[in-house]
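Undergrad: Here's a structure for you.
The values are calculated or read from the model by the stated rules, or taken from the named source; none is laboratory data. What you see is a predicted model, and the numbers here were worked out from it, not measured in a lab. Glycine gets a Cβ as well: all are built from the backbone with ideal geometry, and neighbour counts include every protein chain shown.
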Amino acid sequence: MDGTARLALPLIAPGQAQKEMTHNEALALIDLAVQAGVTAARVDAPPATPVIGECWIVGDAPEGAWAGQAGALAGWTAGGWRFVAPREGMSVWSAGDTMAWTFRAGLWRRGELRGLSLRVNGRQVVGAQAAAIAAPSGGATVDAEARATLSAVLAALRGHGLIDT
């Protein structure tokens, strides 16, 4: 086995000479992948003057030194470009758009959050989608303005996915 199963980090072979080379390469890749932060996402061309430690999510049509690295994390190091292939569930903070990017189902997705509920100060403010609510109809006294308002509220709740359609 040449590398680790998840991040393909190089492994030191028994009896290997210059073990520090393999070890340092693994550390450089870990530095890119763990608690990753990028300058920007979906960039196809490497910057002309990168700074050591800067990192990008490579776009779908990479060119130059990034050719063949679509979707990878590209980081500039003292030894040149290093690439880390994304893994399912990997998250990266992008300073360029101040959003989290998550790799899911083979694609980098910007700003998508997943969960069962949203809590603010310990109080649930959004939970699972509620059942459908029928639009107002019938009744002895029909108030057109009230019905229009209720219909608008229900449409907004449906539009945000908070209640079923």
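Undergrad: Might you let me know whether region 29-36 holds any residue that is exposed (fewer than 15 other Cβ atoms within 10 Å of the Cβ), without any contact (Cβ under 8 Å) to a residue 12 or more places away in the chain and of a type outside the set (V, I, T)?
TA: yes
Undergrad: Let me ask something additional. Can you say whether T49 is exposed (fewer than 15 other Cβ atoms within 10 Å of the Cβ) and in the same structural domain as A95 (by TED's automatic domain parsing), as far as the supplied structure shows?
TA: Working: exposed (fewer than 15 other Cβ atoms within 10 Å of the Cβ): yes; in the same structural domain as A95 (by TED's automatic domain parsing): yes.
So T49 passes the test.
Undergrad: May I pose another question? Hey, any hits in region 64-76 for a residue that's assigned to a helix (DSSP H, G or I), among the hydrophobic types (A, V, I, L, M, F, W, C) and out of contact with any His (no Cβ under 6 Å at 6 or more places or on another chain)?
TA: Yes, region 64-76 contains a residue that is assigned to a helix (DSSP H, G or I), among the hydrophobic types (A, V, I, L, M, F, W, C) and out of contact with any His (no Cβ under 6 Å at 6 or more places or on another chain).
Undergrad: Give A5, A13, A17, A61 a once-over and let me know the one that is assigned to a loop (DSSP other than H, G, I, E, B), of a type outside the set (D, E, K, R), without any contact (Cβ under 8 Å) to a residue 12 or more places away in the chain and within 30 Å of L113 (Cβ to Cβ).
TA: A5
Undergrad: Scan region 123-152 residue by residue and report those that are within 34 Å of the chain's Cα centre (by Cα) and either surrounded by 12 or more Cβ atoms within 10 Å (Cβ to Cβ) or part of a loop (DSSP other than H, G, I, E, B) (or both). Full working, then the answer.
TA: Going residue by residue through region 123-152, those that are within 34 Å of the chain's Cα centre (by Cα) are 123-133, 152.
If the condition is that a residue be within 34 Å of the chain's Cα centre (by Cα) and either surrounded by 12 or more Cβ atoms within 10 Å (Cβ to Cβ) or part of a loop (DSSP other than H, G, I, E, B) (or both), then V126, G127, A128, Q129, A131, A132, I133 are the ones that fit.
Undergrad: Further, regarding this structure: Being among the polar types (S, T, N, Q), closer than 15 Å to I57 by Cβ, surrounded by 11 or more Cβ atoms within 10 Å (Cβ to Cβ) and out of contact with any helix residue (DSSP H, G or I) (no Cβ under 6 Å at 6 or more places or on another chain) narrows it down to one of T102, T98, so name that one.
TA: T102
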